[in-house]
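Presented below is the structure to which this report refers.
The values are calculated or read from the model by the stated rules, or taken from the named source; none is laboratory data. Given the structure is predicted, the values throughout are model-derived calculations rather than measurements. Don't worry about glycine lacking a Cβ; one is built from the backbone with ideal geometry, like all the others, and counts go over all protein chains shown.
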Amino acid sequence: MKSVVKQERMALSGDEAVAYAVKQSDVDVVAAYPITPQTIIVERFSEYVANGEVQTEYICTESEHSALAACLAASVTGARTFTASASAGLALMHEMLFVTSGCRAPVVMAIANRALSAPLNIHGDHSDSMAQRDSGWIQLYAENAQEVYDSIIQAFRIAEDVDVLLPIMVGLDGFTLSHTLENVDTLPDDAVKQFVGSRKFPNVLTHEGKKAPFKLDPETPMTMGPIALPNYYFEFKRQQEEAMKNALSVIQKVNSEYAKISDRSYGNGLIEPYRLDDAEIAAVCLGSTAGTMKTIVDALREKGVKAGLLRLRTFRPLPIEDLRSALCNVKAVAVMDRCMSFGGHGGPVFHEIRNVLYDADVRPYVVNYIYGLGGRDTSPLELRSIYSDLQRIVAAKRVEKPIQYLGLRE
């Protein structure tokens, strides 16, 4: 299919793809603190600022907590804001993550997913962002550098939609994507600027009885997030949940509209099924693992095995109906987690998928595979064994070990 706009192919790492997408997205404020494997993102963007290639206020803060506080303050005054982090940096932001979503500030953040200490580990898994899954942030996970670039651009549209107004984090696997050079087709600057557009604001009623845009402005004073006692707090949280539900359709809409200018889409924006139509066994995964899994599925199909894959692109909000529909005819499902929920009987993605399928009319067998923690390599042979296990589960008509650890010395 011919692209609507002419694109330039560039060799970019995942981190560089983030920085380039932010450069094109007409961002007003970037506040950040460096941490491996995210540092290249803000380092490269600071070069754009120093060279005069962007008119962005760049703030070097003393910590990740302060970086997000600065982004929040800028966002609620009407600025388009961006930051990036990983691992312990994201953990240090924990308090401000909840404040940012509670203030309905549409900050965009890239997360170069990395393991949490201790022991210290700088390599990739999903422990950092999964630990923040209930912080009120939309979460997208990218498969490759191309999707990283595209998702960052889409993220500004999604977060700033007046029916959403929630912050959004885009996850890219540490080192596997953040530091690996790939071909990335980039849009012209004017096409991105037009697609992202200018930030819009809903009108709200102030304490003075005036209608005004929802942002801090001395001309129409209002407060955001100061205090809510028991008679109001609950309603604020319910509104955030409604915004998350609204985001489901907005993500799909933005994914579809972006395809019109780029000829690229990622499933329906929420999930990406791969050879699932007639699949009897399937795996569910996030992030870069999907690329290898697709190759394995193709090899199994050549041998007559009806294997499939479901890549979960949007983890928050969880696309419940899409997941049920995609997996309705599968006999056994392997849910893959690059994260542990200690004492929680499996990983977080497993919890979510199993919960979704519980109310399905026909329930497949569900088994959890925890893998790749701390950046441990998982070979194609090990990944292929997942489908062999699923075949045995279907034949036996039972799951003997619901939680399994792939590639672990025990």
May I ask you to verify whether LEU68 is out of contact with any strand residue (DSSP E or B) (no Cβ under 7 Å at 6 or more places or on another chain) and among the hydrophobic types (A, V, I, L, M, F, W, C)? no
Any hit, region 186-196, residues being part of a loop (DSSP other than H, G, I, E, B), out of contact with any Pro (no Cβ under 8 Å at 6 or more places or on another chain) and not assigned by TED's automatic domain parsing to the domain that holds THR378: yes
How many residues does region 354-382 contain that are in contact (Cβ under 8 Å) with a residue 24 or more places away in the chain, in a helix (DSSP H, G or I) and under 23 Å from the mean Cα position of the chain (by Cα)? 5
Looking only at region 297-352, count every residue that is part of a helix (DSSP H, G or I), buried (at least 24 other Cβ atoms within 10 Å of the Cβ) and touching an Asp or Glu at 6+ places or on another chain (Cβ under 9 Å) and tell me the total. 2
Working only within region 97-115, note down all residues that are among the β-branched types (Val, Ile, Thr) and either within 22 Å of GLU143 (Cα to Cα) or assigned to a loop (DSSP other than H, G, I, E, B) (or both). VAL107, VAL108, ILE111
Select, from PRO221, PRO167, the only residue that is outside the structural domain of VAL254 (by TED's automatic domain parsing), of a type outside the set (Phe, Trp, Tyr) and either buried (at least 23 other Cβ atoms within 10 Å of the Cβ) or farther than 30 Å from GLU43 by Cβ (or both). PRO221
Pick out the one residue from LYS294, LYS193 that is in contact with a strand residue (DSSP E or B) (Cβ under 6 Å, 6 or more places away or on another chain) and among the basic types (Lys, Arg). LYS294
Quick check on region 10-32. Is at least one of its residues modelled with pLDDT of 95 or more and in contact with an Asp or Glu (Cβ under 6 Å, 6 or more places away or on another chain)? yes
